[in-house]
Amino acid sequence: MLFFHAGTLKKTIKMRKSNFVALSYCLIQLVVTYELPGDCNFFNTVLTCQRLIPSEIPAGTQTVYIKDYDNNNIGQGRFAHSSWGSVKQFDINANIEIYLQINSFVFLGLENMTTLGIHARKGNIIYEKAFVGVDLVEKLDLSNMIYLESETLIKPLLYGNVFPNLRVLILENVNTEQNNFNFNFSRSFVEMVRSKNITELSLRGTNLLIERNLNAISTGVHILDVSNVSVSVTKGFKFGITFPHLKIINFSNSVSRYFSSKRFANRVKTAYCNFESLPLATLEKFYANFFYRGKEVYVNNVTIDISAPCFQVMKIEVLHLRGNMLPVLNATVHLPVNFSLYELDLSLNSMTFLSASVLKDMVNLNNLYLGEHLLFKMTSHPDFKILFKPLQRLKRLSLAYNQITYIPEQMFLHNLDLEWLDLQGNFLMTTSFLHSQMSKLIFLNISHNRIAYLTGDDLMKLKKIATGNGSKLPEVMMNDNPFECSCESVGFIETIRTNILNNTGQYICNFETEMTPINDNSIAKAKFLCIRAIFYTISSVISVLVVLSLFITFLLTLRYFRKKRRLTKLQTLLQKFNKGLLRENFLCSLSYSDSDAEVSNQLYIRLEALLKDITKCERDAICIDFKHYRAGKSIVEEIIRCISGSLVAVFVVSEAFCRSDWCCLEVKEAYEQQKPIILIFVEEVSEESMTIYIRNIFNRYTRGKLVETENGEVDYMPGGLKGLCNSIILLGSESSSQRVTQV
């Protein structure tokens with residue numbers, strides 16, 4: 001417990017009361033003696049004034065903006081009042097008619113300022129001692145000084161030890177008045193940048209004249225912005241020598257008289273470890289958007305190899321090449337192992353083809369932007385469905401506005417980390433490309449497509465994406481699709497109503513040619529259509545059954561006559577074959593590889609016996625090389641004769657068969673003569689081993705295989721050897737009948 005002496009407590013209260021009175025008096029005096037000018041506005045430590053610089057400012061002001069300043073100089077002592085001592089950022093923008101000059105010692109009083117901005121369209125005089133006394137400035141912004149020349153700036157910045165902490169120099173749109181000379185990127189200017197330890201330099205929108213003999217000076221600049229500039233470059237200038245420490249460079253919208261249209265085709269380009277043009281060892285972000293605007297860069301069948309060990313030092317993480325007229329990018333790019341690039345922007349290039357081999361080594365890519373192209377033209381190409389297969393760390397992907405009508409289901413199967421997917425502005429009618437492994441997807445934009453409604457698996461996958469797995473619901477955008485409110489779409493519009501509208505606002509749908517918002521009322525109307533459909537179905541079921549019964553009767557009758565006609569064809573064929581009236585001498589030819597001669601001969605013996613038994617004829621039914629090829633004749637001639645003289649061509653296929661030129665020639669000849677072809681496999685054969693003719697037959701027609709029975713004999717599956725005989729005779733009759741019809 002604490003005890004106070006009564007006198008002491010009274011004295012303490014009296015002192016606190018006197019302090020409060022003194023503080024109140026000071027505040028009253030401040031209000032009475034200082035009033036903010038009418039052209040100024042103060043809010044949350046930021047003061048904005050029009051046309052004037054007040055002599056005194058509110059206490060605690062940290063940022064001051066002077067707009068449309070209408071005096072031709074600032075005047076020494078303008079910042080003498082102690083209230084200016086709290087300002088950290090000061091920015092003045094002079095009236096366009098004012099010839100602003102920066103006098104000596106003009107900024108004294110702004111001793112805590114870290115950012116200084118001066119903008120005057122007609123100001124071009126800066127006194128040598130203009131920046132004395134403001135040693136904490138880290139950023140100097142002289143943008144829009146359209147009459148400022150580089151030599152005018154050098155002396156004030158090199159006077160004494162001004163701006164010892166300056167690291168950022170902004171010279172955007174400098175010396176750009178019509179008919180003005182270029183801003184000289186001279187040796188003295190570069191020397192100033194080096195001596196002031198400038199790490200960030202912006203020359204955006206400035207006309208540059210890069211003079212000679214600069215490469216002997218190396219600066220410490222890390223960030224360089226030369227976007228939207230017109231450059232006149234002295235031959236031999238190398239960025240990598242003048243800026244050896246660059247981490248970020250922006251070349252976007254730059255114009256140079258040395259740039260012209262480029263066409264690269266059928267080349268192999270191996271890069272060497274010469275980092276003088278660009279400091280690739282330190283560069284992390286490279287921006288070259290609209291660099292070749294209006295000048296086409298065409299790359300077709302090109303190999304680019306930068307996989308040499310010396311390129312392992314590259315740290316490039318961000319590469320932007322938007323709007324560079326790159327219609328075709330068909331290249332194989334070899335990159336260093338574990339290449340660090342995580343963001344690539346190729347948008348707005350009117351691209352019709354992007355080879356999958358361009359992205360194959362970009363294993364660390366997180367963000368890929370391919371918006372506003374014409375990639376719908378490559379959707380049928382095999383590269384399209386495997387375009388993103390190597391990018392297993394991909395998180396953000398844009399394919400917006402590509403007029404794509406279909407995305408294969410396996411398109412994103414390997415992109416399990418995908419979080420952000422933008423497919424707006426295409427012609428998609430389904431979302432079959434979504435899959436259950438997309439558990440990390442938190443943003444999906446499929447607006448401005450052609451989705452009427454979804455059902456089945458597509459609807460279930462969309463619902464799973466929309467509901468998510470975590471506490472935060474994913475954002476799904478589907479606006480501006482031609483949604484349909486009908487009986488078939490009830491489940492779909494209910495999903496939109498409950499899972500999507502909560503995040504993205506109101507959608508509309510077409511209800512019997514009338515546009516209506518998707519809500520509980522439109523869902524009820526759609527369900528009513530289902531009830532109405534049931535009544536319509538019941539009322540028409542009898543007539544449907546009658547029509548169906550008539551139709552079935554017709555089909556059975558048609559089937560009977562077709563079967564009878566087929567039997568007639570078979571009998572006619574066998575009769576003509578027995579009498580030798582066919583143009584062909586054999587029912588089939590049998591071709592095989594010498595490696596499979598043993599099993600093929602067994603097949604021949606059993607198949608020949610069965611065919612003779614079925615046809616009741618003692619003539620040879622099968623044309624085979626060792627029995628029917630004429631000695632001394634050309635092999636090609638005998639192949640053509642044997643296939644031409646057979647109704648059907650039978651091939652015993654194996655890996656050795658696919659490697660044999662003669663066997664492949666026989667297949668090609670049968671294919672070109674349009675003979676019915678039966679493939680019989682003796683082993684598993686990969687599609688890569690097959691020729692184009694074998695692969696086409698393999699993918700288009702049914703085939704069989706040879707198996708060994710328990711007693712060691714050769715048999716055929718499916719259907720056995722007797723089934724194979726029936727197939728040969730049936731195909732032969734159809735071929736013969738078709739030839740007669742054509743004649």
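The values are calculated or read from the model by the stated rules, or taken from the named source; none is laboratory data. Keep in mind that what you see is a predicted model, and the values were worked out from it rather than measured. When we count neighbours, we look across all protein chains shown, and the Cβ atoms used for this are built from the backbone with ideal geometry, even at glycine. Protein only, heavy atoms only, side chains kept; ligands, DNA and RNA dropped before computing areas. Shrake-Rupley method; radii C 1.70, N 1.55, O 1.52, S 1.80 Å.
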Quiz item: To the nearest 0.05, what FRET efficiency results for residue 566 and residue 337 with a Förster distance of 56 Å applied to their C-beta separation?
Solution: 0.30
Quiz item: Taking N as the number of residues in the range 621-702, what value does Rg over Cα atoms divided by 2.2 N^0.38 Å take?
Solution: 1.07
Exercise. Indicate the gyration tensor shape class of the range 599-743 (rounded, prolate or oblate), computed on the Cα atoms with a ≥ b ≥ c the square roots of the eigenvalues: a/c under 1.5 is rounded; otherwise a/b larger than b/c is prolate and the rest oblate.
Key: rounded
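Taking a ≥ b ≥ c as the square roots of the eigenvalues of the Cα gyration tensor of the range 374-487, is the shape rounded (a/c under 1.5), prolate (a/b larger than b/c) or oblate?
Oblate, because a/c is 1.5 or more while a/b does not exceed b/c.
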Self-check item: Amide hydrogen neighbours beyond the local backbone of residue 477, cut-off 5 Å, H modeled
Solution: 444, 445, 446
Exercise. Can you grab the distance from the C-alpha centre of the range 303-335 to the C-alpha centre of the range 395-440, Å, no decimals?
Key: 24
Quiz item: In Å, the Kirkwood hydrodynamic radius of the range 273-350 over pairs of distinct alpha carbons?
Solution: 13.6
Quiz item: Based on DSSP, what percent of beta bridges with both residues in the chain are antiparallel, to the nearest 5?
Solution: 10
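Return a whole-number percent for the relative contact order of the range 432-556, with Cα pairs under 8 Å and 6 or more residues apart as the contact set.
It comes to 22 percent, rounded to a whole number.
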Practice problem: Could you order peptides 705-718, 74-87, 138-151, 37-50 by the average number of other Cβ atoms within 10 Å of their residues, highest first? | Solution: 138-151, 74-87, 37-50, 705-718
Quiz prompt | Over the chain: helical MRE at 222 nm, DSSP H runs n ≥ 4 each giving -39500 (n - 2.57), nearest 500 | solution = -9500 deg cm²/dmol
Self-check item: Per-residue HN-Hα couplings for the range 532-549 [Karplus 6.51, -1.76, 1.60; θ = phi - 60°; Hz; x = Gly/Pro]
Solution: 4, 5, 5, 4, 4, 5, 5, 5, 9, 5, 5, 4, 5, 5, 4, 4, 5, 4
Practice problem: With everything on Cα atoms, drop me the angle between helix 6-33 and the longest principal axis of the chain, reported from 0 to 90° to the nearest 10. | Solution: 80
Practice problem: With a 1.4 Å probe and every protein chain left in place, tell me how much accessible area residue 576 has, in Å² to the nearest 10. | Solution: 80
Practice problem: May I ask for the distance between the Cα centers of the range 188-214 and the range 572-612, given as a whole number of Å? | Solution: 87
Exercise. Run the numbers on the chain and let me know its relative contact order in percent, using alpha-carbon pairs under 8 Å that are six or more apart.
Key: 4
Quiz prompt | Pairwise label distance in nanometres, residue 381 with residue 631, each label 7 Å out on the Cα-Cβ vector | solution = 5.7
Quiz item: Near residue 680, within a Cβ-to-Cβ distance under 9 Å, what is the net charge of the other residues, with Lys and Arg +1 and Asp and Glu -1?
Solution: +2
Quiz item: Arranged from highest to lowest average of other beta-carbon atoms within 10 Å per residue, in what order do the peptides 599-610, 559-570 appear?
Solution: 599-610, 559-570
Exercise. Please work out the C-alpha center-to-center distance from the range 347-389 to the range 144-165 and express it in whole Å.
Key: 47
Self-check item: Other-chain or far-sequence residues with amide H under 5 Å of residue 299's (modelled H)
Solution: 264, 328, 330
Quiz item: What shape does the range 53-147 have by the C-alpha gyration tensor, where a ≥ b ≥ c are the square roots of the eigenvalues, rounded means a/c under 1.5, and otherwise prolate means a/b greater than b/c and oblate the rest?
Solution: prolate
Exercise. Amide H neighbours of residue 353 under 5 Å, at least 5 residues apart or on other chains, H built in the peptide plane: list them.
Key: 329
Quiz item: When the chain is fully extended, how far beyond the present Cα-Cα distance does residue 136 get from residue 450, taking 0.36 nm per residue of separation?
Solution: 107.2 nm
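First select every other residue whose beta carbon is under 13 angstrom from the beta carbon of residue 395; then total the charges, Lys and Arg +1, Asp and Glu -1.
Counting the neighbours of residue 395, the net charge comes to -1.
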Exercise. Would you mind checking the pairs 360/463; 563/627; 360/395; 389/461 and listing those with alpha carbons more than 25 angstrom apart?
Key: 360/463; 563/627
Exercise. With everything on Cα atoms, drop me the angle between helix 597-615 and the longest principal axis of the chain, reported from 0 to 90° to the nearest 10.
Key: 50
Practice problem: Just grab the label-to-label distance for residue 68 and residue 536, each label 7 Å out from Cα along the Cβ direction, in nm (one decimal). | Solution: 6.7
Self-check item: Å² of accessible area per residue within the chain, as computed with a 1.4 Å probe and no ligands counted
Solution: 53
Quiz item: Sorted by packing (mean other beta-carbon atoms within 10 Å per residue), highest first, where do 585-594, 678-687 land?
Solution: 585-594, 678-687
Exercise. Report the local net charge at residue 456: Lys and Arg +1, Asp and Glu -1, summed over other residues whose C-beta lies under 12 Å from its C-beta.
Key: -1
Self-check item: Principal-axis tilt of helix 456-467 within the chain, Cα atoms, nearest 10 degrees
Solution: 20
Quiz item: How high is the relative contact order of the range 111-213, in percent, with contacts defined as C-alpha pairs under 8 Å that are six or more residues apart?
Solution: 27
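With the Cα gyration tensor of the chain in hand, give its eigenvalues times 5 under a square root as the equivalent ellipsoid semi-axes, listed largest first in whole angstrom.
81, 39, 23
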